[in-house]
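Chemist: First the structure, which I've put down as structure tokens, then a few questions once you've had a look.
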Amino acid sequence: MITRQRLAVGLCALLAALTAGFAFPAGAVADETTADAPKVDLVLDVSGSMRARDIDGGSRMAAAKQAFNEVLDATPEEVRLGIRTLGANYPGDDRKTGCKDTAQLYPVSTLDRTEAKTAVATLSPTGWTPIGPALLKAADDLDGGTGSHRIVLITDGEDTCAPLDPCEVAREIAAKGVGLTIDTLGLVPNSKLSKQLSCIAEATGGTYTSVEHKEDLTDKVNQLVDRAADKVVTPVAVDGAADCAKAPTLKSGLFTDRAEFAQHRWYRVDVKPGQELRASVSLSADRQVNPDYGCCCGR
């Protein structure tokens, strides 16, 4: 939901759980910053079920490898790309061990296409499906920098490591306010997998795609990697105050903050004579909230 409201001069605005953009049409200009290189972590399911041969006559693993090779060839030079696996190394039956099986196959960095392809070629369907743990590690892989951060998760099965719910993991990642997007792709998915992957994507503003053909997989992953290279404006994190007297002063720009239930945030914006303040506020919730949660007022 996006709420737009013009507020009076000498304003102290009350907002909650927001991403807000403030602009002054009468000549004021927002500070321009140069973002760091965009980062993408491709997270690939290498669990035993990836042996299934139901994608264009070949295995799911073969389709994923082919897609990765083509994506690596097409990755824009400015993108820092990495590859993380889940279920690639432990073939046993011990659940505790299997649920720790996630590893960085290729670090998020300037791409050496030959080295990355060689690493992908070594993969063979093996173990469990620890989606939640893999997402947590992938978020760490992408830590740092002001460019866009994107995880692309490719899996053919639901997480097998409950009670750690991957959808809750995605919500926790979103709650940190680091601007990380998770896109999910389900290989020949059933309804339960589609529901889980949709939840993960929606929690972070990402997309979910069902895939049943090699060409579709390649095209979608390419699209997502290219999207990471698009110019974006990264919100600046700000801590709103509990009351107007202590409210931080915001300049023209894009800001982000987060509030708990029943908590309100105050911000101050200085408006010169003859200027008109325009504030655009985007509110989002990862759980049900009271009807009056998140409002704007001025004085």
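Rule-based calculations on the coordinates, nothing more; no lab input. If you're wondering where the values come from, they're calculated on a predicted model, not measured in any experiment. Reconstructed Cβ throughout: ideal geometry from the backbone, glycine too, with neighbour counts over all protein chains shown.
Chemist: In debye to the nearest 20, how big a dipole does the stretch 39-228 give about its Cα centre with +1 on each Lys and Arg Cβ and -1 on each Asp and Glu Cβ?
Modeler: That gives a dipole near 260 debye.
Chemist: Order these by the 10 Å Cβ neighbour count, fewest first: L136, L86.
Modeler: Arranged by neighbour count, lowest to highest, L136, L86 become L136, L86.
Chemist: Grab the other residues whose beta carbon is less than 9 angstrom from that of G132, score K and R as +1, D and E as -1, and report the net.
Modeler: Within the 9 Å Cβ shell, the charges total -3.
Chemist: What does the charge add up to near K192, with Lys and Arg as +1, Asp and Glu as -1, over the other residues with Cβ less than 11 Å from its Cβ?
Modeler: -1
Chemist: With Cβ to Cβ distances under 13 Å as the rule, what net charge do the other residues near T160 carry (K, R +1; D, E -1)?
Modeler: Within the 13 Å Cβ shell, the charges total -4.
Chemist: Please arrange K220, K272 by how many other C-beta atoms lie within 10 Å of their C-beta, fewest to most.
Modeler: Taking fewest neighbouring Cβ atoms as first place, the list is K272, K220.
Chemist: Here's another thing I want to ask about it. With contacts defined as alpha carbon pairs under 8 Å and 6 or more residues apart, what's the relative contact order of the stretch 39-228 in percent?
Modeler: Computed value for the stretch 39-228: 26 percent relative contact order.
Chemist: Another question, then. Which of the lysines could be linked to K246 by a straight reach, that is with a Cα gap under 25 Å, when you skip same-chain ones fewer than 8 residues away?
Modeler: Excluding near neighbours in sequence, the set is K176, K272.
Chemist: Calculate one ³J(HN,Hα) per residue across the stretch 190-204 by plugging θ = phi - 60° into the Karplus curve 6.51 cos²θ - 1.76 cosθ + 1.60, and present them in order as whole Hz with x for glycine and proline.
Modeler: Each residue of the stretch 190-204 in turn: 8, 5, 5, 5, 4, 5, 5, 5, 5, 5, 4, 5, 4, 5, 10 Hz.
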